[in-house]
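*Asks:* Quick one: the structure is below, and I'll ask about it shortly.
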Amino acid sequence: MPIHLRAAAAAIVLAELIMLAGCASAEPPSTGTSHAAMASHVHAIVPDPEGDGFLLGTHEGILAVSAEGELLSRVGSYGFDAMGLTVVGEDLIASGHPGADTPPELGDHNLGIVRSADAGVSWEPAAFTGEKDFHALAAGSDGTVYGLATDAIDVLASKDGGDSWAPTGGQLMAVGLVVTSGGNVVAATPDGLRVSTDGARSFEPWPGAPMLYALSVSPNGELIAGVDADEKIWVHVSGASAWKEVGIVHGTAQATAITDTGSILVADDSGLTLLPPAP
């Protein structure tokens, strides 16, 4: 082949390779494997109601995390096992079990519902003191708090900041609850995601949704994040028809949190990682 034809053929091949590289999908971001180990098991992550960072509900109390995802220190001196944690307005609502330095008035064996008006520095009993342990707590933009205790399958709701609770009529087993901007209650169950459009009175399957756990919702209620058994992180945007894979965790995810901008804080076997918003 003449030299000028060989050069032209090489140019065509090079152009094709560049096009293929440009069309190839980028690898989703991963939490990696070399982060600093967390001090305790994380049950829930919520935005700090008095700052721009996060609060972790852990086996050893409430821990503060910076907006960049760096672990800071324990908040206050109430070292209880925070199995459930959510934000209602400027207050924190939590549940779980007392620790060695937990004031006895917060409950023996089970905390029931406890509330903090100072971002976790101090707590007061609110309901079910010493009786119930809620592993799933979620609040809607209207101030309604939904909860699932470990001793029943009845979804309970409170409209007064956790002081009084009543069954909604809905019944299910779930490892997590979130409430969207439209007021829909989404539950992560052993049979897949279930959605309620009637204030948790009834739940229906979410068609086409991946099987997820470690659910979280953005502060504006527009984004939902969760993790599947294959270590993939999925996000659903309000109004979208499908879920989108946006990242990969390392091992088992303990909890997630998602910001209004789409950044996702993940607590998993590699520690804490703040993943960038999905493109």
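*Asks:* Looking for something in contact (Cβ under 8 Å) with a residue 12 or more places away in the chain, part of a strand (DSSP E or B) and surrounded by fewer than 23 Cβ atoms within 10 Å (Cβ to Cβ) - is there at least one such residue anywhere in the stretch 194-210?
*Replies:* Looking through the stretch 194-210, at least one residue is in contact (Cβ under 8 Å) with a residue 12 or more places away in the chain, part of a strand (DSSP E or B) and surrounded by fewer than 23 Cβ atoms within 10 Å (Cβ to Cβ).
*Asks:* So, in the stretch 151-171, exactly how many residues are surrounded by fewer than 20 Cβ atoms within 10 Å (Cβ to Cβ), hydrophobic (A, V, I, L, M, F, W, C) and closer than 18 Å to residue 198 by Cα?
*Replies:* Summing the residues that are surrounded by fewer than 20 Cβ atoms within 10 Å (Cβ to Cβ), hydrophobic (A, V, I, L, M, F, W, C) and closer than 18 Å to residue 198 by Cα in the stretch 151-171 gives 2.
*Asks:* I need the full set of residues from the stretch 119-148 which are in contact with a Phe, Trp or Tyr (Cβ under 9 Å, 6 or more places away or on another chain), part of a strand (DSSP E or B) and either at positive phi or surrounded by 24 or more Cβ atoms within 10 Å (Cβ to Cβ) (or both), in order please.
*Replies:* Within the stretch 119-148, 134, 136, 137, 138, 139, 145, 147, 148 meet the criteria.
*Asks:* In this structure, is residue 58 at pLDDT below 65, surrounded by 10 or more Cβ atoms within 10 Å (Cβ to Cβ) and in contact with a His (Cβ under 9 Å, 6 or more places away or on another chain)?
*Replies:* No; evaluated as a whole, the condition is false for this residue.
*Asks:* Determine if the stretch 262-276 includes at least one residue that is out of contact with any Ser or Thr (no Cβ under 9 Å at 6 or more places or on another chain), without any contact (Cβ under 8 Å) to a residue 24 or more places away in the chain and either farther than 24 Å from residue 170 by Cα or surrounded by fewer than 23 Cβ atoms within 10 Å (Cβ to Cβ) (or both).
*Replies:* Yes, the stretch 262-276 contains at least one residue that is out of contact with any Ser or Thr (no Cβ under 9 Å at 6 or more places or on another chain), without any contact (Cβ under 8 Å) to a residue 24 or more places away in the chain and either farther than 24 Å from residue 170 by Cα or surrounded by fewer than 23 Cβ atoms within 10 Å (Cβ to Cβ) (or both).
*Asks:* Considering only residues that are under 24 Å from the mean Cα position of the chain (by Cα), among the aliphatic types (A, V, I, L, M) and under 23 Å from residue 73 (Cα atoms), look in the stretch 97-118 and name the one that is surrounded by the fewest Cβ atoms within 10 Å (Cβ to Cβ).
*Replies:* Restricting to residues being under 24 Å from the mean Cα position of the chain (by Cα), among the aliphatic types (A, V, I, L, M) and under 23 Å from residue 73 (Cα atoms), the top hit is 117.
*Asks:* Given the residues 84, 69, which is the only one that is under 19 Å from residue 254 (Cβ atoms), out of contact with any Ser or Thr (no Cβ under 6 Å at 6 or more places or on another chain) and either surrounded by fewer than 22 Cβ atoms within 10 Å (Cβ to Cβ) or touching a residue at least 12 places away in the same chain (Cβ under 8 Å) (or both)?
*Replies:* 69
*Asks:* Is it true that residue 267 is outside any loop (DSSP other than H, G, I, E, B), under 16 Å from the mean Cα position of the chain (by Cα) and closer than 29 Å to residue 152 by Cβ?
*Replies:* Yes: the conditions hold for residue 267.
*Asks:* Looking only at the stretch 179-188, decide whether some residue is within 29 Å of residue 116 (Cβ to Cβ), in contact with a strand residue (DSSP E or B) (Cβ under 7 Å, 6 or more places away or on another chain), at pLDDT 95 or above and outside any strand (DSSP E or B).
*Replies:* Within the stretch 179-188 (the criterion being within 29 Å of residue 116 (Cβ to Cβ), in contact with a strand residue (DSSP E or B) (Cβ under 7 Å, 6 or more places away or on another chain), at pLDDT 95 or above and outside any strand (DSSP E or B)), the answer is yes, since at least one residue qualifies.
*Asks:* Residues that are modelled with pLDDT under 95, not polar (S, T, N, Q) and not in a strand (DSSP E or B): does the stretch 110-118 have at least one?
*Replies:* No - not one qualifying residue is present in the stretch 110-118.
*Asks:* Check whether at least one residue in the stretch 245-259 is assigned to a loop (DSSP other than H, G, I, E, B), more than 25 Å from residue 41 (Cα to Cα), at pLDDT 95 or above and not small (Gly, Ala, Ser), and report yes or no.
*Replies:* Within the stretch 245-259 (the criterion being assigned to a loop (DSSP other than H, G, I, E, B), more than 25 Å from residue 41 (Cα to Cα), at pLDDT 95 or above and not small (Gly, Ala, Ser)), the answer is no, since none of the residues qualifies.
*Asks:* Another one. Within the set of pairs 6+ apart or on separate chains, which have a first residue in the stretch 217-229 that is in contact (Cβ under 8 Å) with a residue 12 or more places away in the chain and among the charged types (D, E, K, R), a second that is surrounded by fewer than 24 Cβ atoms within 10 Å (Cβ to Cβ) and part of a strand (DSSP E or B), and C-beta atoms under 7 Å apart?
*Replies:* As it stands, the answer is 222/237; 228/234, since those pairs meet every condition given.
*Asks:* Same structure again: Can you give me the number of residues within the stretch 235-245 that are buried (at least 20 other Cβ atoms within 10 Å of the Cβ) and closer than 24 Å to residue 48 by Cα?
*Replies:* 2
*Asks:* Those residues that are in contact with a Lys or Arg (Cβ under 9 Å, 6 or more places away or on another chain) and either assigned to a strand (DSSP E or B) or without any contact (Cβ under 8 Å) to a residue 24 or more places away in the chain (or both), I need them from the stretch 157-173; list them, please.
*Replies:* Selection gives 166, 168, 169, 170.
The values are calculated or read from the model by the stated rules, or taken from the named source; none is laboratory data. Note that the coordinates shown come from a computational prediction; the quantities given were computed from them, not determined experimentally. Cβ: placed from backbone, ideal geometry, glycine included. Neighbour counts: every protein chain shown.
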